[in-house]
Amino acid sequence: MSTQSTKSVFWKGVRDAAPFFLVVAPFSLLFGVVATEAGLSVFETLSFSIAVIAGAAQFTALQLMVDDLPTVIVLISALAVNLRMAMYSASLTPYLGQAPLWQRAVAAYFIVDQSYSLSALQFEENPAWTIKQRMAYFWGTVAPICPFWYAFTLLGALIGETIPDRLALDFALPICFLALIMPMLRSPAHVAAALVSVTAALAFSWMPYNLGLLTAGILGMMTGAEIERRLKPEEEAR
Amino acid sequence: METSTIWTVIILLGLGSFAMRFLFLGIVGDKELPDWLLRHLRYTAVAIIPGLVAPLVVWPGATGGELDPPRLTAALATLVVGWLTKNVIAAIAGGATTLYTMLFFFG
């Protein structure tokens, strides 16, 4: 509501995002641990989290670097995982597009899964919010998430060097990815995309330069998009 | 890993990720995107991540690519807990517990 003060909107954002701390802290901690295990220095690990600030893409890049794949393949694969950020950006533009350019640039850097999904929901539910209130809410959702992304990466990197091999950390990363997958399967189209991706990745694993994964990704996307199109004929008619 | 490789990835991935976040909010602005494009973008993460993880589960590097019962069981446990709870942390905890229990008895 437009009667809410900007300050109270900010704190609403903080409260809404606070529970996600429980996801972000262990996830970034694990990134710190796994990255230093893979041979990155503490400084490199922290820089990684500050520069990229996207867990799934960071883990993807790290795994492919460990596999010793060419840098261009590492970049294409990790950026493909981050393509959804372009979708988030597009989806926030109608709400934040009137803000000054510098604010949009800073906000763009802080678009992450949590800040996007909370903001998109609230902007839709509160159409009367001014641009200031929308920005305030967005910053509120960023505050309990992003600083801790850096802090826990650093903590993980610092303790990572002391963790012995028998803890089987080679498998920490697959477990993290698998844990991420289930909440993503929101519709039959998502499930089908994931199944096609798994099947194609295994079937095409003989391809060089990780092209099997990129093929699997493209096939998965096409599957998801096509099934969505068939299940929602009313949107097609628009 | 070479230091120069690590920094190349960090810098270019950082710039690329920012470019994607800034693309519409900063440059393209308030234009309608074609439906087909949005439809494909929605499935990028779910199309890449399962494909990335599947070979790691079936052919784990730590065992030289041999199918490994503790790791396979842990992977299944992670999926089941994730499916039942829809909670990422619960799924990770379930998978890790299974992995260590299996490694303790079979590893």
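The values are calculated or read from the model by the stated rules, or taken from the named source; none is laboratory data. Because the structure is a prediction, the values reported are computed rather than measured. Note that each Cβ is placed from the backbone with ideal geometry, even for glycine, and that neighbours are counted across all protein chains shown.
Among the residues of the range B:37-48, none qualifies, meaning not one is under 30 Å from A:E44 (Cβ atoms), modelled with pLDDT of 90 or more and in contact with a Leu (Cβ under 7 Å, 6 or more places away or on another chain).
If I ask for residues that are closer than 19 Å to A:I181 by Cα and either touching a Gly at 6+ places or on another chain (Cβ under 7 Å) or more than 7 Å from chain B (Cβ to nearest Cβ) (or both), which ones from the range A:195-214 would you list?
Residues of the range A:195-214 that are closer than 19 Å to A:I181 by Cα, as a first pass: A:195-202, A:213-214.
Listed by number, the residues that qualify are A:L195, A:V196, A:S197, A:V198, A:T199, A:A200, A:A201, A:L213, A:L214.
Scanning the range A:142-174 for residues that are modelled with pLDDT of 95 or more and among the polar types (S, T, N, Q) gives a single hit, A:T153.
Considering the range A:64-76, and only residues there that are more than 7 Å from chain B (Cβ to nearest Cβ) and assigned to a helix (DSSP H, G or I), the residue that is farthest from B:V9 (Cα to Cα) turns out to be A:V66. Only one of the numbered conditions (1) in contact with a helix residue (DSSP H, G or I) (Cβ under 6 Å, 6 or more places away or on another chain); (2) more than 7 Å from chain A (Cβ to nearest Cβ) is violated by B:F104, and that is (1).
Report, by residue number, each residue of the range A:42-57 that is without any contact (Cβ under 8 Å) to a residue 40 or more places away in the chain and closer than 18 Å to B:A54 by Cα. Answer for the range A:42-57, where residues must be without any contact (Cβ under 8 Å) to a residue 40 or more places away in the chain and closer than 18 Å to B:A54 by Cα: just A:A57.
Mind counting the residues in the range B:1-19 that are over 28 Å from A:F138 (Cβ atoms) and either within 7 Å of chain A (Cβ to nearest Cβ) or among the polar types (S, T, N, Q) (or both)?
Looking only at the range B:1-19, we keep the residues that are over 28 Å from A:F138 (Cβ atoms), and these are B:1-9.
Okay, now just the ones that are also either within 7 Å of chain A (Cβ to nearest Cβ) or among the polar types (S, T, N, Q) (or both), so B:1, B:3-6, B:8-9.
Result for the range B:1-19: 7.
Scan the range A:96-115 for residues that are modelled with pLDDT of 90 or more and assigned to a helix (DSSP H, G or I) and the total you get is 11.
One residue stands out among those in the range B:20-63 that are outside any helix (DSSP H, G or I) and crowded, with 19+ Cβ neighbours inside 10 Å: the one that is nearest to the other protein chains (Cβ to nearest Cβ), which is B:Y43.
Counting only helices (runs of 4 or more DSSP H) that sit completely within the range A:124-217, those holding 3 or more residues that are more than 19 Å from the chain's Cα centre (by Cα), crowded, with 17+ Cβ neighbours inside 10 Å and free of Cβ contacts under 8 Å to residues at least 40 places away in the same chain correspond to A:188-203. Applying the criterion of at least 1 residues that are among the basic types (K, R) to the helices (runs of 4 or more DSSP H) found wholly in the range A:1-57 leaves A:6-17.
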